[in-house]
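The values are calculated or read from the model by the stated rules, or taken from the named source; none is laboratory data. These numbers were taken from a predicted model, which means no experiment stands behind them. With ideal geometry, Cβ positions are generated from the backbone for all residues, glycine too; neighbour counts draw on all protein chains shown. Protein only, heavy atoms only, side chains kept; ligands, DNA and RNA dropped before computing areas. Shrake-Rupley method; radii C 1.70, N 1.55, O 1.52, S 1.80 Å.
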Amino acid sequence: MSWIDNRFEEGLIVTSLDWAINWGRTSSIWPMTFGLACCAIEMMAVGASRFDIDRFGAGAFRATPRQSDLMIVAGTVTYKMASRLKRLYNQMPDPKYVIAMGACTVGGGPYFKHGYHVVKGVDLVVPVDFYVPGCPPRPEALLEGLMRLQDKILHQTRAKDPMSRVRAEVLAK
Amino acid sequence: MAPEEICIILTGEFGDGVVDTVLDACRPYAVVRVDGWSDIARFLRDDGRMRFNMLQCVTALDLLEDNKLAAVYDLFSVPVVGVGPCATLRQHFAIRVEVDRDAPHIPSVSGIWPAAEWHEREAYDMMGIVFDDHPNLTRILCPDDWEGYPLRKDYEFPLEYHGIPATTEHQLNSPRH
């Protein structure tokens, strides 16, 4: 939720404004420079010329969470790292998205049973929008996850949630 | 110098300080008493026949059946140009120190080989061996507030850490091998 969300009545100006804003957001998803383990190598491959994440407007890896829209959690999240990861997520401005890349971040992966130090899925720490399985995932898989994220952003709206009034009434009772 | 000769010299110098010598291992080693380990370490580094000027690694062992912990120090004599006979030494040897699991105290050798400092911190972090007189014996890999020593054979997993649930399989807190 950012400053412009949830402000306009449905059908007022939002139809075209939605399209414009979603187009802008979709075409400039800036990820954070943030790699934790071997998945980060594949993420770097995605950023390099052969796979070229810049084709999707998401090649501007920012060195600070305050300029990023997307956190690609690429690699094993340990308990020691979890608090740092949560702090980085909290420092990102809205709207912000998270892609869990690789088996470790999806659910502990190879460390699920014997890894005393590994968080069993990064969704226990931060909310995740898309899961990209693989160990590590191919660069094409990460690009697929990015495209699904673009689909999600394209269907967002600035309109009030039509159910929010109903929910408020229910809560008032 | 052959490992047999190193063992003979060590036994001659320290007598009871050397508990056992194992020569048929892939890397021969001597088991030494924990209270004489500092003197033996200094001897191994400074004696002209030894000149073990490099500590390659420290290995920690959990001997659960014997209720003991052990540390193995792998030594090597790096040739130093112009310093004594060590230009021709290039020898390997290992020292094993065994301690009781209930009070695992070993004197630190970080004053003798500075490389031991981080190795000993890691052995402390993972196995809980306490190295006395270490300049900074804190955990090196795990968070400072971690409970237990993860590589011990009877270690139990945490089921929760700072609010993050650690769902191991069937809620077991140790792996069933």
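Within region A:91-173, which helices (runs of 4 or more DSSP H) (wholly inside it) include 1 or more residues that are surrounded by fewer than 20 Cβ atoms within 10 Å (Cβ to Cβ) and touching a residue at least 60 places away in the same chain (Cβ under 8 Å)?
Values: elements: A:103-107, A:139-154, A:162-172.
Here the list reads A:139-154, A:162-172.
Enumerate the pairs (first residue in region B:135-159 and more than 10 Å from every other protein chain (Cβ to nearest Cβ); second residue anywhere and open to solvent by 90 Å² or more (accessible area, probe 1.4 Å)) with beta-carbon separation below 8 Å, excluding pairs fewer than 6 apart on the same chain, so at least 6 apart or on different chains.
B:THR138/B:ASP144; B:ILE140/B:TRP118; B:LEU159/B:GLN171
Checking A:LEU70 against (1) closer than 30 Å to B:ARG139 by Cα; (2) more than 14 Å from chain B (Cβ to nearest Cβ); (3) surrounded by 21 or more Cβ atoms within 10 Å (Cβ to Cβ), which test does it fail?
All conditions are met except number (1).
Let's see how each residue does on (1) at pLDDT below 90; (2) more than 11 Å from the chain's Cα centre (by Cα):
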site: A:PRO133; (1), (2): no, yes
site: A:PRO136; (1), (2): no, yes
site: A:GLU140; (1), (2): no, yes
site: A:GLY145; (1), (2): no, no
site: A:ARG148; (1), (2): no, no
site: A:ASP151; (1), (2): no, yes
site: A:LEU154; (1), (2): yes, yes
site: A:ALA159; (1), (2): yes, yes
site: A:ALA168; (1), (2): yes, yes
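Do we have any residue at all in region A:44-61 that's away from chain B (no Cβ under 14 Å), assigned to a helix (DSSP H, G or I) and among the aromatic types (Phe, Trp, Tyr)?
Checked region A:44-61: at least one residue is away from chain B (no Cβ under 14 Å), assigned to a helix (DSSP H, G or I) and among the aromatic types (Phe, Trp, Tyr).
Could you list, in sequence order, the residues of region B:19-47 that are aromatic (Phe, Trp, Tyr), open to solvent by less than 40 Å² (accessible area, probe 1.4 Å) and in a strand (DSSP E or B)? Explain how you work it out, then say what you get.
Filtering region B:19-47 for residues aromatic (Phe, Trp, Tyr) gives B:29, B:37, B:43.
Checking which are open to solvent by less than 40 Å² (accessible area, probe 1.4 Å) leaves us with B:37, B:43.
Scanning region B:19-47 gives no hits.
Could you run through region B:118-140 and say how many residues are surrounded by fewer than 19 Cβ atoms within 10 Å (Cβ to Cβ) and touching a Pro at 6+ places or on another chain (Cβ under 9 Å)?
Matching residues across region B:118-140 total 4.
Are any residues in region A:85-130 more than 11 Å from chain B (Cβ to nearest Cβ) and of a type in the set (Lys, Arg), and if so, which ones?
Within region A:85-130, A:ARG87, A:LYS96 qualify.
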